[in-house]
Each structure stands twice: as C-alpha cells, then as structure tokens.
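The values are calculated or read from the model by the stated rules, or taken from the named source; none is laboratory data. The model shown is predicted, which means the values in this text are computed figures rather than measured ones. Methodologically, a virtual Cβ is constructed for each residue, glycine included, from the backbone with ideal geometry; neighbour enumeration extends over all protein chains shown. Ligands, DNA and RNA are excluded from the accessible area calculation, which covers all protein heavy atoms including side chains. Shrake-Rupley method; radii C 1.70, N 1.55, O 1.52, S 1.80 Å.
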Amino acid sequence: MATTFTLNGDPVTIEGAPTALLLDVLRNGLGLTGARYGCGEEQCGACLVLVDGVAVHACGREVGTLAGRDVVTAEGVPEVIRAAFIAEQAAQCGYCSSGMIVAAAGLLGRVVRPGRDEVVAALDGNLCRCGSHPRIVAAVLRAAEGMAP
Amino acid sequence: MIANTLPKSLQDNPRLDQWITILPGGGVMLRVGKVEIGQGITTALAQIAAEELDIAPGRLVVTAGDTAAAPDEGTTTGSMSVEMSGGAVRLVCAEVRGLFLAAAAGRLERSVSGLSVRDGAVMAGAVATGLNYWNLAGAVPLAREATGAVSVKPQSAHRLVGTDMPRRDLALKLSGGGFLHDMVLPGMAHARVLHPPLIGARLEAVDAAVIERAGASVFQHGNFAAVLAGSAAVAEAALAVARPVWSGGAAIGPVMEEAGWLVGREAIHSHFGVAGEASPGDRIRAVYTRPYISHGTLGPSVAIAEFDGARLVIWSHSQGPYPLRRHVAALTGLAETAITVRHAQGAGCYGHNGADDAALEAALLALHHPGRPIRVLWTRADEFAQEPVGTAMSVEIAAALDAAGRPVDWTATIWSAPHVGRMFAANLLPFQALPEPPAAVAMVDPAPEGGGGASRNSVPIYDVGPCRVDVHLVQRPPVRTSALRGLGALPNVFAIESFLDELAERAGVDPVEYRLSILSDARARRVLVAAAEMARWARRGPAGTGAGLGIGLGRYKNKSAFAAVAVALEVDTEVRLRRIWCSVDAGLAINPDGIRNQVEGGIIQAASMTLKEQVRLGSEGIASRSWAEYPILRFSEIPPIETVLLDAGDEPPLGVGECTMGPTAAAIGNAVAHALGARIRDMPFTRERIAAALLAGG
Ligand code: FES
Ligand code: FES
C-alpha cells in the first residue's frame, strides 16, 4: 500500500500500512522531528500538523486518510511565525513550541488579525508545562501583524 | 570586586582548561557542568563568559553536562546555576582574559595597563596590536589552576550582562530539532520497558511468544523487562500486546492521596531552632497541605545508550550527568572511567522526573546488547505513573501572639516524604528491579543549612520571635518521591503566608500593613510594597463578595531571590484568575528577559498546582496517567501577568527559577479567602473544597 500527499509543499509517497500513525511516519520514517511526541493520546498538542490548513493531532491520524491532502509540519510553517516566536522569546524548554506554531499557522491561515480571545481559543488545546503562555499569545499576535495585508 | 572565596564549582574543578578552550578558527569553547533544562541557563552562562572575555557571544560554543568534556558541577537544581556556575565562569573568564593580556604585554614589551580586548583582539587604545586569543593561544597554557584573584568587571562596565540576550537554543527548537528525542543512531534498537504497577512488585511471567509474534524480542533481568524492536512502531505494538504478570508490591489506594495520611507514620525526625516558652494552649495553630504533584513534563523521558564491549556512552536529559554516571557504574559494575554521560535536552523537567530511570534502563539494555545502540522511550502513562513525584506535605504552624496579635513564638511541624530521592540507588527503578535490590537506606533531605528539603523556607523571613521547626520524613510513602521545583518551599511559603493573613484578620489589620509591622528586611519590604502598589492594594474591597485580592511574599531558600505576588480573582463554583502582579529582586540581573520568563513561568506553574493538580492513587498504583486525569492550567485560564524586576545594583545575582512559586500559591490562597470570607488550607482548590469552605464559613 502506498499513500501520496503533499508534505511541506512537496509530494511524498509513504509505503506501508495505511494504518501507520502520521506522527511515527514523520519522526521515524521521514526524519521530520518538528511534530513532537507528547502523549500519543490527542491531549497535549505537541504533535500538531496542518492538514488542508486545519491543525490536527499527528499522533491520532492514520496516514491512509491523507491521500491527496496537503500536510504542513512545524518545519513548514511560514517563517514570519517562527520569527515572531523568537522575537518574543516565547518558550522556555520549547518542547511545546512546534505545536504552538502549527496551531498559530492554522489560525492565521483562516483569520486575518485575530483578537486576543481568538488566539487563546485557538491555542487552548495545546499544553505548556513551562508557563510560556503569555509570551506565546504575544508571539501569535505579533505574527498576525506581520502576516496581515 | 576581588573574590576571596572561590565558588564551589571552581573549587571542585579548579583548572582553567576545565572551563575554557580557545578553538582554532576564532571560536572559544565554554564547558559547564550545569545543563539546559529549559530555563536559559546556557544562554546566561555564555553571556557571562562573553562579557568577561570581551568576545562576541557568537564565538562561543557551549558544551554542557558531558562527563568526558565538561566539569562536574553536580546537579542542575535549586536556582543554583547562575549563583554557582555563573560565579565560576565569571572568575575563570576574567582570569583567562588577564593571562592573555599579560602574554600580549610581554610580546609587545609594554605594560598591561594600556591594553584591552575587543572581540578577542588585543588593543592598545584604539589600535589593534595584531595579537589575539587565537594567535596567542600557544603561548598561554590554560592547564593551570584558577587563583580567583583577578578582578571581574563591575556592573558599570557591563555591555552584555544585564541585556536581554536571546536564547541560543530557540531557533533550532522552532525548526524541528534541539531535543534528545530527535537523535537517531545507526542500527538503533527501540525499547519499551514493562514497568511494575507497584513498588516492589515481582515479575511472575512475560509471554515471549506474543511479543515475538509482534516482531519484537523481550529482555528480562530479575524484575526488569523490556521489549526491543528495530522500529518504534513495532516496539509500541509489542508493548501493547505484552501482558506481564506481576505479583505483590506495596499496596496503595486513594486513602493515601492526601498529605494527612503521612501524619503519624514511621518517620525520621529532626528539628532545628529553639521555641519560646509559650505552652501549646497559648498558641494559635493551623494545618496546611499540598498533595503529591507530578512534574508533568511535556515530553516523556528518553535515553540512548551504546556499549562497545568496553565503554558505555549514555545520552540523557538528566539534571546531573556526573551523579547519573555514579549510578550507572553501580548498576552495571563498570568503572566510572568506562562510562560517559552526555547531556542532551529534554522537555522542561522541573525536578527529578523519569530521566534518570530511563537512562539507567537504556544502560542496562545496552550492556546486554553490545554493539547496538538502544533507545528507551517512556510512554505518557509511564511518565505519569512511573516517575518519582513531588511529595505531599503537611505543615502545621503554631504561634503565640503578643497583645497586638503579632507572633512572638513560632513553631512549624512538617510531615513529608523525602525530597531528594534521586540521590539513593534504592529509589531508582532499575535498581528496584534487580534480582537482589539494594537494601533500603535512610533517605534524608539536604540539611537546613544547605537549603533543606521539607524544611526549605520553613523559617519565616519575618520577625516572629524564637522559632523551632520539626521535620518528620516519612520513609515509606505510597509512591516514589523526589525533587520537584523548589522542594518544600512552595508548601512552606503557602503555609506561612496563609497563616499570616489569618493572624492579620484576627488582629483586624490589613494583611500588607500587618506583614510590614513584622518585617525588618529592607529588600523584602521593598518587594512587598512594590507588588501591593502594582495591585492597587489600597483600593482592596471588603471580604466575602466573590471577588478577592491576595498577596504572598517569600525569599527563596531564605537566601536567594525575593518575590512578592498579588492575585486578583473571582470565585463562584470554581476559581477564575483575573490579574497577577509580581515584583522580584534577583540581585544583579544577568538576563532580565530570561528572568521575567522564568518568574512568569513559575507563577503559572504554581497557579496550576494550587488550583488543579493532584496525583491520584488507586490499587494499581498511580491512577492519574494522562492529561485528562491530571489537568493543568490552559491558555484560557491564565490572566494577564505584570512583572517588575527591582534594580538591585551590584548585589550578587540570585537564582530566580523557583522564587515565585510559594508566593503565588499563597496569594491565590489569600485571595480566595478574601473572596469567600472563608479559608481553604488544602491544595488544590477544587469545587468540593470551595463548597465545603463556604458551608463552614457561612
Ligand atoms: S502527542 Fe499528539 S496530542 Fe499529545
Ligand atoms: S515551553 Fe516548555 S512546555 Fe512550553
């Protein structure tokens, strides 16, 4: 079995069982480690990727469901978002950061200049143990300014 | 400033070349024993080094926590990194710079006084001399002991220290790398460990056939067992079908969840200080508790180990590479010199989580699979159920009061499990699983003079008269316990600051005014007043309206950074945080933005613990094994936080990682009491406790 989809802009074909989990395929198969393993139970957000622009948990997503879809990982989010996180120094350990920038990319792909409440709502499923939340919100708002027309 | 006593890190590692190597091609390697656990320590240390060496920070390569290439600085913990390691780096780099200037002066046949360094180049006034660290390196041997006698720069001369230098590790982490979790070695086997449900459980049987059918193999040694496979997916599949049969083990259950269960158990007793004459009947008393708390690291523990038949190399996110190496030697029987432990970053750990256990497990597996690198990864459930948790604590304070209602005689009685289980092999999982596990040893906390464990911050920073602290360290808690951010500081400060609010109320005095009336430490007063002003304390409303404003103050370890936190919140069936204000005096601020980051992170983590967190126990061990069962604070629950760092001039830098934890828990407790007109003395502040407090208070 093979599944073909777009990954960070390029076509990719994954051989093997369609039931393989996207997180395992990305990290262990393709060496793309941006999506992090945090819980494997769709509860922390560390593994988020965009599928057709929507943030989904790679740890709960089977590769077979991705045929023909557009997948973006933390490695592929717009540079302006990464730059905003660096400008705000929006992390401590940074383990949650991948999930945060993907959640941000999902929001900013759909809403121009979101308000603080929209940012908070978009990030609410993502956990951070270090308490970097206020900076992360500030970073997303900064990125939103940078991406607005 | 001339140092007359060398920092401990430098006494232990006195040679300059243990810290600094001039690299060919224009770089400088800084070697440190403290490791990056997510708080920016390597950035702050690089900042100090670049400052004293007068080089651009970009020239520095930092090697942290490598037993083959970096000094032994013990464990990265307790806000000590900037105080200890930073002090050593500062002196070493000042001395290295001085040696190079002296060598240059010799070459140029002129005095040192006219020379300076600009980005590693020796300058005579504004003129480059053509000499620099790199072309002089051969003439300046660093294989010599530091004297500590070279002057470091005064604050007024700092160009880098005191600035918001960005984190060195962030860009990589935002681009998909940066963690040990991402490391792959050729031919690496993936292992998952079959962990026992209860402490001391015996492994009766493992069905090897079912594991082999899943494509994996099983390794067993005593009560230790793991599945191994060529891929992570197969290892996980094998773990899912493996049904190890366990028997025995120390029975536990929900009744042991609360700190109250510890009170009166078999314990090691110690005390310090002397109480006054007041009889028990003359004292006001109250008991405050915190339950067991998970470190809740976002990334479960991982380790890689490789044994070539003679040498064992381990990659770990342990906080203490050298202490870990000692444990690995004891576990494997290899000499310490045959073992290298290399630190690589994990997710923020906030103490002793599963990192060391996973590293020891990988070491054991590698030893029995020479030539094959072994990667051990814990599952989320492992990390919640198997890591050593932060201990529950019960703190009873009893004080006699003067006519004005101020304490004149103070005692604290603490019941707790040990706080530094990492030190004892008998408390580490792979040792417990040996065919003949090490005998139980007395697990004692650090001495009070060293900061204490359960006793940390148990002595008030206020003028309370004679003070005695009794510590009962329960040796057989229901779960493994070890270091959690700040050890006993959070429960003790929560207890003291709650108690003071209760005393202020008895005396009919405003809580801030009351504190100031028994507080002579000028720095503490300044911090308290600053937070109160930020929170517009003077406009604080009456109690019992459902809206509360509370404050908490502490000096971490009674000798580190000062912090005051004020919290505004609302309570109906649950607590909703509205605003938080914080003031900190951290001495000389190496990296103000880094300090703010840690201070705010500590506030949010402490708020999460105070409002939500409790490790749940069931008959099968720890029952809270997922984020659904162990919720932490989310974005929508976190209010705006305003922080000020008070200027402390040239006062020595003080660690800030833990300073806001206790004051935050206390401020929330006091604000809730203000909102309800009734007090909750037990963390976390659940709906049930809010309802009970209202019932009791109303
Ligand atoms: S790893 Fe997927 S949500 Fe936690
Ligand atoms: S920065 Fe560590 S988990 Fe968010």
Quiz prompt | Residues (surrounded by 20 or more Cβ atoms within 10 Å (Cβ to Cβ) and outside any loop (DSSP other than H, G, I, E, B)) located in segment B:171-182 | solution = B:K173, B:L180, B:H181
Quiz item: Of these, A:V77, A:V102, A:V72, which one is open to solvent by less than 10 Å² (accessible area, probe 1.4 Å) and more than 10 Å from chain B (Cβ to nearest Cβ)?
Solution: A:V102
Quiz item: If you go through segment A:105-118 one residue at a time, do you hit one that is within 16 Å of ligand 1 (Cβ to nearest atom) and either without any contact (Cβ under 8 Å) to a residue 12 or more places away in the chain or within 13 Å of another protein chain (Cβ to nearest Cβ) (or both)?
Solution: no
Exercise. For segment A:103-123, indicate whether the set of residues that are in contact with a Lys or Arg (Cβ under 8 Å, 6 or more places away or on another chain) and at pLDDT 95 or above is non-empty.
Key: no
Self-check item: Condition met for B:E651 (in a loop (DSSP other than H, G, I, E, B), within 14 Å of another protein chain (Cβ to nearest Cβ), in contact (Cβ under 8 Å) with a residue 40 or more places away in the chain and of a type in the set (D, E))
Solution: no
Quiz item: Does A:R129 count as without any contact (Cβ under 8 Å) to a residue 60 or more places away in the chain and more than 16 Å from ligand 1 (Cβ to nearest atom)?
Solution: no
Exercise. Please find, among A:L48, A:L26, the residue that is crowded, with 24+ Cβ neighbours inside 10 Å and within 16 Å of ligand 2 (Cβ to nearest atom).
Key: A:L48
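Residue by residue, here is whether (1) more than 14 Å from B:P663 (Cβ to Cβ); (2) among the basic types (K, R); (3) in contact with a strand residue (DSSP E or B) (Cβ under 6 Å, 6 or more places away or on another chain) holds:
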| residue | (1), (2), (3) |
| --- | --- |
| B:R525 | yes, yes, no |
| B:G541 | yes, no, no |
| B:E570 | yes, no, yes |
| B:V575 | yes, no, yes |
| B:D593 | yes, no, no |
| B:E613 | yes, no, yes |
| B:W627 | yes, no, no |
Quiz prompt | A:A55 touching a strand residue (DSSP E or B) at 6+ places or on another chain (Cβ under 6 Å) and within 11 Å of ligand 1 (Cβ to nearest atom) | solution = yes
Quiz item: A:A67 passes all but one of (1) within 16 Å of ligand 1 (Cβ to nearest atom); (2) open to solvent by 60 Å² or more (accessible area, probe 1.4 Å); (3) aliphatic (A, V, I, L, M); which number fails?
Solution: (1)
Self-check item: Among residues of segment B:128-170, those that are more than 30 Å from A:A83 (Cα to Cα) and assigned to a loop (DSSP other than H, G, I, E, B), counted
Solution: 14
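To keep it simple, each residue is scored yes or no on (1) touching a residue at least 40 places away in the same chain (Cβ under 8 Å); (2) open to solvent by 20 Å² or more (accessible area, probe 1.4 Å).
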{"site": "B:G594", "(1), (2)": "yes, yes"}
{"site": "B:I604", "(1), (2)": "no, no"}
{"site": "B:I632", "(1), (2)": "yes, no"}
{"site": "B:E637", "(1), (2)": "yes, yes"}
{"site": "B:V644", "(1), (2)": "yes, yes"}
{"site": "B:T660", "(1), (2)": "yes, no"}
Quiz item: Can you pull out the residues in segment B:401-427 that are among the aliphatic types (A, V, I, L, M), surrounded by 22 or more Cβ atoms within 10 Å (Cβ to Cβ) and closer than 12 Å to B:R285 by Cβ?
Solution: B:A412
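Yes/no per residue for (1) within 14 Å of chain A (Cβ to nearest Cβ); (2) in contact with a strand residue (DSSP E or B) (Cβ under 8 Å, 6 or more places away or on another chain); (3) within 16 Å of ligand 2 (Cβ to nearest atom); (4) closer than 26 Å to B:H419 by Cβ:
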site: B:G348; (1), (2), (3), (4): yes, no, yes, yes
site: B:G351; (1), (2), (3), (4): yes, yes, yes, yes
site: B:A358; (1), (2), (3), (4): yes, yes, no, yes
site: B:A363; (1), (2), (3), (4): no, yes, no, yes
site: B:L367; (1), (2), (3), (4): no, yes, no, no
site: B:P373; (1), (2), (3), (4): no, yes, no, no
site: B:R380; (1), (2), (3), (4): yes, no, yes, yes
site: B:T391; (1), (2), (3), (4): no, yes, no, yes
Quiz prompt | Extreme residue, nearest to ligand 1 (Cβ to nearest atom), among residues of segment A:29-38 that are at negative phi and open to solvent by 10 Å² or more (accessible area, probe 1.4 Å) | solution = A:Y37
Quiz item: Somewhere in segment A:132-146, is a residue more than 10 Å from chain B (Cβ to nearest Cβ), open to solvent by 10 Å² or more (accessible area, probe 1.4 Å) and either closer than 23 Å to B:A606 by Cβ or not in a helix (DSSP H, G or I) (or both)?
Solution: yes
Exercise. Search segment A:54-65 for residues that are over 10 Å from A:A20 (Cβ atoms) and pair each with any residue that is assigned to a helix (DSSP H, G or I) and within 16 Å of ligand 2 (Cβ to nearest atom) when their beta-carbon atoms are under 6 Å apart and the residues are at least 6 apart or on different chains.
Key: A:A55/A:V102; A:A55/A:A103
Quiz item: Has segment A:83-90 got at least one residue that is within 15 Å of ligand 2 (Cβ to nearest atom), aliphatic (A, V, I, L, M) and not assigned by TED's automatic domain parsing to the domain that holds A:A35?
Solution: yes
Quiz item: A:Q92 passes all but one of (1) surrounded by fewer than 24 Cβ atoms within 10 Å (Cβ to Cβ); (2) under 21 Å from B:G38 (Cα atoms); which number fails?
Solution: (1)
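Here's the yes/no breakdown for (1) within 14 Å of chain A (Cβ to nearest Cβ); (2) open to solvent by 20 Å² or more (accessible area, probe 1.4 Å):
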{"position": "B:S231", "(1), (2)": "yes, yes"}
{"position": "B:A240", "(1), (2)": "yes, yes"}
{"position": "B:S270", "(1), (2)": "no, yes"}
{"position": "B:D282", "(1), (2)": "no, yes"}
{"position": "B:L298", "(1), (2)": "yes, no"}
{"position": "B:A303", "(1), (2)": "no, no"}
{"position": "B:P323", "(1), (2)": "no, yes"}
Exercise. Looking for whichever is crowded, with 20+ Cβ neighbours inside 10 Å, in a loop (DSSP other than H, G, I, E, B) and among the β-branched types (V, I, T) here; the options are B:V672, B:V656. Which one fits?
Key: B:V656
